[in-house]
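Just so it is clear, none of the values below were taken in a lab; they were calculated from the coordinates. Fair warning: this is a prediction, and the values are worked out from it, not measured in the lab. Don't worry about glycine lacking a Cβ; one is built from the backbone with ideal geometry, like all the others, and counts go over all protein chains shown.
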Amino acid sequence: MEVIKTKNLDKFYGDIKGVKDLDLSIRSEEIFGFLGPNGAGKTTTIRTILGFLKSTKGSVELLGKDVSNRKELVKAKEEIGFLPGEYSFYENITGREALDYFEKLKGGEKRDELIKTFSIPLDEKIKNYSHGNKQKLGIIQAFMHNPKLVVLDEPTQGLDPLMQKKFNQMILEENKKGTAIFFSSHILSEVRKVCDRVGIIKNGELITIEDIDDLMQKSGKIAIVETKEDVDRQQLDLEGINLLSQNPLKLVITDGFNELINILSKYTIEDITIRESNLEDVFMHFYEE
Amino acid sequence: MFEITIFDFKKNLKGKIGLSVILIGLVSLIIGLFPSIQESGFSFEEYIQNLPPALAEAFGATIANYSTIEGFLGMEFYSWFWTVALGAYFAYKGGSLISGEIETKRIDLVLSSPLTRSRYFVEKFLSYVPDAFLFNIILGLSVYVGSFLINETISPILLAKVHFLSIPFWLACSAIGGVFSVFIDEERRAKLFATGFIFIAYIIETITVQSDFSFLGKMSFTHYYKPITILSTGEIDLINPLILSMATLVIVFISLIAFEKKDIQT
């Protein structure tokens, strides 16, 4: 079953394009990464899918329910958790009171379990919470009613690396138990750790949907090499190696590591960096118009 | 049902009690002054005769008897603080009903729960009902006890009438705030417009009262709630609370339609 299905979805603000012609189909068993640079239309898409914004054209179905129908949207929201990119709580209440409130509105069968994972100072007023604690509270409220679908807009902002790891683990576990996750981010390395498939959006339009492994395979590694002598460009014309710039030498490597090292070993290497491709690289190499 | 109403009512309880305490202080001061003013032999009738007729009528001064505690309180407390200032307060609170939730980015977490926008709005709006009861109970009792302490008696039935009828009036003021809060995303501006509406409508009512433009005064909710008249004559025209309640329903209905259609952009 599809948890999110959009068809020819348009959202315009007057003449300004938010998203255009968006066809998405997210399956119930997957963790879907929704990638795009800032301002690409990720939040607009999420808000339109969840009914906060009214679509200009096209249709959205959430858990098989038509979002444009008020009653169906309420029905769908019973089984949806949402963590917005930016949000806040009433500051003058404690974390416990905030969670009590959400529990009354949507249920909280997983609340205690989540509190154990993401410990927060429950009896302290939210105004005294650190940014990380507020983020944890947000995560708890998104998952506490054991939803079938959780939509997360840039969820790891403000979490320290240790917490990020915990969060990723939880997402994977929840997914195993049957919760579909729709996860937006502008950081490829973050998404690749948990997602099965990714959609890439740019300027309000979906460019591609790929399995994460295929995308990582395609996008390869980036090597930046500084040599004393000039490297002969023609030598680098190899399968799986793509020359991006000469000085310093910047390469995308998807295959042919041995040959590359053989070639480079003939030069005096002053510095070398090899890293995974990030979203900017992926855009630059595959989707630049 | 009513989770949001209860939450919203409880949320700022301290602030509301604080405001009640200020009003109790004010009422005590006014009641405390009454015996000495009565003793001084100051002629209110003369004072009223010297007021511009329009102003005197607007304040209800033409019907009130100032040598009684009812008339004195009606003029000094109920016609301004109780009606206009608290009306503006309810409009001010209403002005943040939706705009405040959007501006602070709190709305997403609640609206992603399984409830319609209309329920959200109505439940939030309904939290003004216990607010209105709270002020009425605290201040009604204070006025009664205060009068008792200076050996004056106010009819509790009269007092109950005045206080009870403030509820439809304040709710209409809150509804004005609510509709501004839907149409204007910026909380501060929505509050300003709502409060401004109550004040300006009241001023228009006051200055047009004896003119050919007195029909303009009917735009003001204060036209339909005159505690001074109730206190002085004991009479209630039931059409007034009915008009206020109808106005509230219409304004809330408009707010709901607009809110259901609105793009919620935090």
Bridge type composition, the protein assembly as shown - antiparallel percent by DSSP, nearest 5 | 70
List the residues whose amide H sits under 5 Å from the amide H of A:THR227, counting only those 5 or more places along or on another chain, with H placed 1.01 Å from N in the peptide plane.
-> A:LEU249, A:GLU270
State the Cα centre-to-centre distance between the stretch A:154-197 and the stretch A:57-77 in whole Å.
-> 25
Indicate the gyration tensor shape class of the stretch A:21-67 (rounded, prolate or oblate), computed on the Cα atoms with a ≥ b ≥ c the square roots of the eigenvalues: a/c under 1.5 is rounded; otherwise a/b larger than b/c is prolate and the rest oblate.
-> oblate
For the stretch A:198-210, just list the computed ³J(HN,Hα) in residue order, Karplus coefficients 6.51, -1.76 and 1.60, θ = phi - 60°, integers in Hz, with x standing in for Gly and Pro.
-> 10, x, 10, 10, 8, 6, x, 10, 6, 8, 7, 10, 9
If one takes the longest principal axis of the Cα atoms in chain B, at what angle in degrees, from 0 to 90 and to the nearest 10, does the Cα axis of helix B:117-126 lie?
-> 20
Sequence-separation-based contact order of the stretch A:220-287, relative, with Cα cut under 8 Å and 6+ spacing, percent = 45
Computed D for the stretch A:220-287, Stokes-Einstein, Kirkwood radius over alpha-carbon pairs, 37 °C, 0.692 mPa s, to the nearest µm² per second, is 270
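Tell me, what is the percent relative contact order of chain B, built from C-alpha pairs under 8 Å that lie six or more residues apart?
Relative contact order of chain B: 29 percent.
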Among A:241-252, B:189-200, how do they line up from the highest to the lowest mean number of other beta-carbon atoms within 10 Å?
-> B:189-200, A:241-252
Per-residue mean of other chain beta-carbon atoms within 10 angstrom of the beta-carbon, peptide A:46-54?
-> 4
Taking amide H positions as placed 1.01 Å from N in the peptide plane, with prolines and chain starts having none, which residues 5 or more places from B:ARG106, or on another chain, fall under 5 Å of its amide H?
-> A:SER88
For the peptides A:205-215, A:74-84, what is the packing order when you average, over each peptide's residues, the other Cβ atoms within 10 Å and list the highest mean first?
-> A:74-84, A:205-215
Thinking of chain A as a set of Cα atoms, what percent of all their pairs are more than 28 Å apart?
-> 46
Measure off 7 Å from each Cα along the Cα-to-Cβ vector at B:MET219 and B:LEU192, then give the distance between these two points in nanometres to one decimal.
-> 2.0
Residue-averaged beta-carbon neighbours from other chains (10 angstrom radius) around B:102-111 = 6
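Could you sort A:260-272, B:9-21 so that the peptide with the highest average Cβ count within 10 Å comes first and the rest follow in order?
B:9-21, A:260-272
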Computed helical MRE - 222 nm, chain A, DSSP H runs ≥ 4 contributing -39500 (n - 2.57), nearest 500 = -9000 deg cm²/dmol
Phi angles of the stretch B:155-165, converted by Karplus (6.51 cos²θ - 1.76 cosθ + 1.60, θ = phi - 60°) into ³J(HN,Hα) in whole Hz with x for Gly and Pro, give 4, x, 5, 4, 4, 4, 4, 4, 6, 4, 6
How far, in degrees from 0 to 90, does helix A:95-106 lean away from the longest principal axis of the Cα atoms of chain A, to the nearest 10?
-> 80
Average partner chain C-beta neighbours within 10 Å, per residue of A:99-109?
-> 4
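I'd like the trypsin sites (Lys or Arg not before Pro) in the stretch A:192-245 restricted to DSSP loop residues with at most 11 other Cβ atoms within 10 Å, sorted by number.
When the trypsin sites (Lys or Arg not before Pro) of the stretch A:192-245 are filtered for loop state and at most 11 Cβ neighbours within 10 Å, A:LYS228 remain.
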Report, ordered by chain and residue number, the aspartates and glutamates lying within cross-link reach of A:LYS42, taken as a straight Cα distance under 12 Å and ignoring same-chain residues fewer than 8 apart.
-> A:ASP153, A:GLU154, A:GLU205
Spelling it out for A:LEU244: with amide H atoms placed in the peptide plane at 1.01 Å from N, the residues 5 or more places away or on another chain with amide H under 5 Å from its amide H are A:LYS250, A:LEU251, A:VAL252
Mind checking the log10 I(q)/I(0) for the stretch A:119-213 at q = 0.17 Å⁻¹? Debye, one equal scatterer per Cα, no solvent, two decimals.
-> -0.82
Whole-number value, in Å³ per residue, for the convex hull of the alpha carbons of the protein assembly as shown is 198
For the residue pair B:ILE150 and B:ILE257, what label-to-label distance in nm results when each label sits 7 Å from Cα along the Cα-to-beta-carbon direction?
-> 5.0
For the stretch A:60-70, Karplus couplings with θ = phi - 60° (6.51, -1.76, 1.60), whole Hz, Gly/Pro x | 10, 10, 10, 6, x, 10, 7, 5, 6, 9, 4
Nearby lysines by direct alpha-carbon distance to A:LYS116 (threshold 17 angstrom, same-chain neighbours under 8 apart not counted) = A:LYS134, A:LYS136, A:LYS165, A:LYS166
Across the Cα atoms of the stretch A:9-92, what radius of gyration and what greatest pairwise Cα-Cα distance (Dmax) are found, in Å?
-> 13.7, 43
Label-point separation (nm) for A:ASN258 and B:LYS11, each offset 7 Å from Cα along Cα-to-Cβ?
-> 6.7
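Relative contact order of the stretch A:2-216: what whole-number percent is it, with Cα pairs under 8 angstrom and at least 6 residues apart?
Relative contact order here is 29 percent.
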Quick one: angle between helix B:128-149 and the longest Cα principal axis of chain B, in degrees between 0 and 90, rounded to 10, please.
-> 20
Using alpha carbon centers only, the stretch B:199-216 is separated from the stretch A:232-289 by a whole-angstrom value of 80
Check cross-link reach from B:LYS93 to the lysines: straight Cα distance under 19 Å, and skip same-chain residues fewer than eight apart.
-> B:LYS10, B:LYS11, B:LYS14, B:LYS16, B:LYS105, B:LYS124, B:LYS191
